[in-house]
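J.: Structure incoming, see below.
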Amino acid sequence: MDLPFVREAVKNLFSRSSCDMYPLKPSEAAEQYRGRIEYDPTKCINCHFCERVCAGGAISVVEVPVEEGTQITRTFDLSTCTFCNTCADFCNTHAIKLTKDYHMIGLKEGDLLVSGTFVKVAKKKPVPPPAEAKPEEKAAPAIKPRDDGKPVQDPSKCVYCGICAKKCLGEALTVDRKEKLWKLDEDKCVSCGTCEEVCPKKAIIM
Amino acid sequence: MFKNLITESTAKSPWLFHINSGSCNGCDIELVAVLTPRYDAERFGFKLAGSPRHADIVVVSGPLTQQSLPRTLRAISQVPEPRCIVTIGSCPQSGNVFKGSYSVMAPLSKYVHVDVAIAGCTPKPEAIMDGLVQATEILKEKRKAWLEAKKNGLKDGPKAETEQEVPAAEDIPASGEEVQQ
Ligand code: SF4
Ligand code: SF4
Ligand code: SF4
Ligand code: SF4
């Protein structure tokens with residue numbers, strides 16, 4: 001009589017178990033695994049791009065005015081997130097990172113929230129009270145669109161994130177965050193409107 | 001004596017009942033992977049039960065579509081107390097990317113008390129195992145309270161504040177009403 005698999009069965013009886021023995025032996029996630037979000041508020045410039053690209057609406061932001069400027073708290077809800085990495089891809093300052101940590105168990109409310117707070121210091125804010133000194137100048141920065149259909153930047157809104165320069169198809173824009181520089185090369189600009197569309201702060205008018 | 005034996009054995013072997021309430025199958029496949037020899041959750045006594053009436057732990061995946069919500073709740077209400085409700089993935093906790101759709105009724109915590117929420121889309125089998133082990137701990141506590149209550153003559157067990165009644169199917173508003181308002 002031919003007994004099939006007898007050899008296999010006997011061999012397996014003495015071979016190692018195929019079980020990973022997970023909780024006893026910790027296991028690491030694969031390379032490029034996208035798990036728990038890490039948010040570095042010190043790098044964030046509050047450009048709001050991450051919220052705009054998040055399909056699940058997992059990112060929320062609370063802005064509270066404080067003495068030195070605005071206190072910004074950005075919260076990532078891991079129970080809404082699909083771990084698609086889009087926010088981290090779009091973040092120009094690399095403030096968001098999806099780590100390999102997959103131990104995400106929520107036993108009570110708030111267990112699955114990742115948040116960070118920073119204070120954005122208001123620039124060009126008249127710190128001492130002479131607000132009534134130059135009332136005309138306040139009205140001045142209301143910029144007007146140009147006649148030739150090319151983009152204009154509103155310096156009071158722009159955070160110099162550089163997204164417009166990245167997206168510009170004709171490479172007509174130069175943005176330097178350190179120097180607070182926003183420059184348009186009028187010859188290269190084709191008035192496509194892409195920069196106006198991508199600007200998260202709506203700082204470009206056409 | 002027999003009763004003690006039964007209580008002790010059931011504590012060591014919590015059976016799972018899995019409900020798919022419209023999941024994309026990602027979470028379901030990972031739950032099945034947990035039961036394969038590689039992860040071998042049967043080491044902890046987990047076993048998939050075929051009927052909610054045999055189960056101790058209910059595992060829910062999917063964003064609770066309008067069609068599946070009454071059925072999900074009916075199945076959950078058939079699981080005998082003390083029970084533990086575990087959600088897998090982002091869907092049952094928030095609706096995930098389907099949030100706001102006219103036919104998605106998530107989160108589950110709106111209708112029943114959720115004991116353990118496992119995040120991820122989809123969670124790794126290891127994460128699911130972590131969650132299930134947590135659920136057994138919770139189940140042990142619940143069973144203790146339950147036996148205590150029975151000794152004190154409460155037939156229906158303790159009604160903890162966290163324990164919500166499972167709403168009857170006809171009490172659930174159709175999501176269409178909510179959306180249109
Ligand atoms: S995209 Fe990055 S820099 Fe912009 S708001 Fe989000 S975290 Fe901050
Ligand atoms: S990973 Fe995707 S779903 Fe999660 S917060 Fe970022 S953009 Fe949103
Ligand atoms: S104008 Fe350009 S640099 Fe300034 S906020 Fe808009 S996209 Fe960012
Ligand atoms: S949480 Fe993600 S993987 Fe799980 S059912 Fe929902 S969409 Fe699918």
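Read-outs: derived from the displayed coordinates by stated rules, not from any lab. Keep in mind the model is a prediction, meaning the values are calculated, not measured. We place every Cβ from the backbone using ideal geometry, glycine too, and count neighbours over all the protein chains shown.
J.: What list of ³J(HN,Hα) values in whole Hz, one per residue of the stretch A:17-32 in order, does the Karplus curve 6.51 cos²θ - 1.76 cosθ + 1.60 (θ = phi - 60°) give from phi, with Gly and Pro shown as x?
T.: Taking θ as phi minus 60°, the curve returns 5, 8, 6, 7, 6, 3, x, 6, 9, x, 10, 9, 6, 5, 3, 6 Hz for the stretch A:17-32.
J.: Further question on the same structure: Set the Förster radius R0 to 25 Å, insert the Cβ-Cβ distance between A:Phe90 and A:Thr70 as r into 1/(1 + (r/R0)^6), and round the FRET efficiency to 0.05.
T.: 0.70
J.: Show me A:17-30, A:71-84 ranked by packing, highest mean number of other Cβ atoms within 10 Å first.
T.: Details: A:17-30: 11.9, A:71-84: 21.1.
Highest to lowest by the protection proxy: A:71-84, A:17-30.
J.: Something else now. Quick one: grab the alpha carbon gyration tensor of the stretch A:1-100, order the square roots of its eigenvalues as a ≥ b ≥ c, and give me rounded if a/c is under 1.5, else prolate or oblate depending on whether a/b is larger than b/c.
T.: Values: a/c = 4.58, a/b = 3.67, b/c = 1.25.
Here the stretch A:1-100 falls in the prolate category.
J.: What's the extension gain from A:Val119 to A:Met21 if we count 0.36 nm per residue and subtract their Cα-Cα distance?
T.: So the extension gain works out to 30.7 nm.
J.: What FRET efficiency comes out for the pair B:Ala11/B:Gln66, r = Cβ-Cβ distance, R0 = 35 Å, nearest 0.05?
T.: Working: r = 37 Å, r/R0 = 1.06.
FRET efficiency, B:Ala11 to B:Gln66: 0.40.
J.: Okay, next question. Can you tell me how much longer the chain between B:Leu147 and B:Val32 gets when fully stretched, taken as 0.36 nm per residue apart minus their C-alpha distance, in nm with one decimal? The partial results should precede the final answer.
T.: Numbers: separation 115, 0.36 × 115 = 41.40 nm, distance 3.20 nm.
Length difference between fully extended and current span is 38.2 nm.
J.: I've got another one for you. Only helical DSSP H runs with n ≥ 4 go in: add -39500 (n - 2.57) per run for chain A, normalise by residue count and round the 222 nm mean residue ellipticity to 500 deg cm²/dmol.
T.: Working: 6 runs with 34 residues, N = 206.
Counting only the DSSP helices, I get -3500 deg cm²/dmol.
J.: Using only C-alpha atoms and all pairs of different ones, pull out the Kirkwood radius for the stretch B:2-176 in Å with one decimal. If you can, show how the numbers build up before the last one.
T.: Working: mean 1/r = 0.0604 Å⁻¹.
Over the stretch B:2-176, the inverse of the mean reciprocal pair distance is 16.6 Å.
J.: Another one. Cα-Cα over 20 Å: which of A:Lys201/B:Lys99; A:Lys25/A:Lys100; A:Lys97/B:Lys110; A:Lys25/B:Lys47; B:Lys47/B:Lys140?
T.: Working: A:Lys201/B:Lys99 26 Å; A:Lys25/A:Lys100 17 Å; A:Lys97/B:Lys110 31 Å; A:Lys25/B:Lys47 22 Å; B:Lys47/B:Lys140 17 Å.
From the list (A:Lys201/B:Lys99; A:Lys25/A:Lys100; A:Lys97/B:Lys110; A:Lys25/B:Lys47; B:Lys47/B:Lys140), the Cα-Cα distance tops 20 Å for A:Lys201/B:Lys99; A:Lys97/B:Lys110; A:Lys25/B:Lys47.
J.: Let me ask something else. Any chance you could check the Cα centroid distance between the stretch A:37-100 and the stretch B:52-90 for me, in angstrom?
T.: Comparing the Cα centres of the stretch A:37-100 and the stretch B:52-90, I get a distance of 33 Å.
J.: If you don't mind, another one. If each DSSP helix of 4+ residues adds -39,500 (n - 2.57) and the sum is divided by the residues in chain B, what number results at 222 nm, nearest 500 deg cm²/dmol? Write down the numbers at each step before the final one.
T.: On the way: 6 runs with 68 residues, N = 181.
Rounded to the nearest 500, the figure is -11500 deg cm²/dmol.
J.: What does the average come to when, for each residue of peptide A:19-25, you count the partner chain Cβ atoms lying within 10 Å of its Cβ?
T.: Details: counts 7, 7, 3, 12, 6, 1, 0.
Mean number of neighbouring Cβ atoms from other chains: 5.
J.: Here is a follow-up. At a 10 Å Cβ-Cβ cut-off, how would you order B:Met129, A:Met104, fewest neighbours first? Show your work: numbers first, answer last.
T.: Values: B:Met129 22, A:Met104 25.
Ascending Cβ contact count within 10 Å gives the list B:Met129, A:Met104.
J.: Applying 1/(1 + (r/R0)^6) with R0 = 35 Å to the Cβ-Cβ distance of A:Lys150 and A:Glu28, what FRET efficiency is obtained, to the nearest 0.05?
T.: Numbers: r = 52 Å, r/R0 = 1.49.
For A:Lys150 and A:Glu28, the calculated efficiency is 0.10.
J.: When Cβ neighbours within 10 Å are restricted to other protein chains, what is their mean count per residue of peptide A:79-87?
T.: Taking the mean over all residues of the peptide, I get 6.
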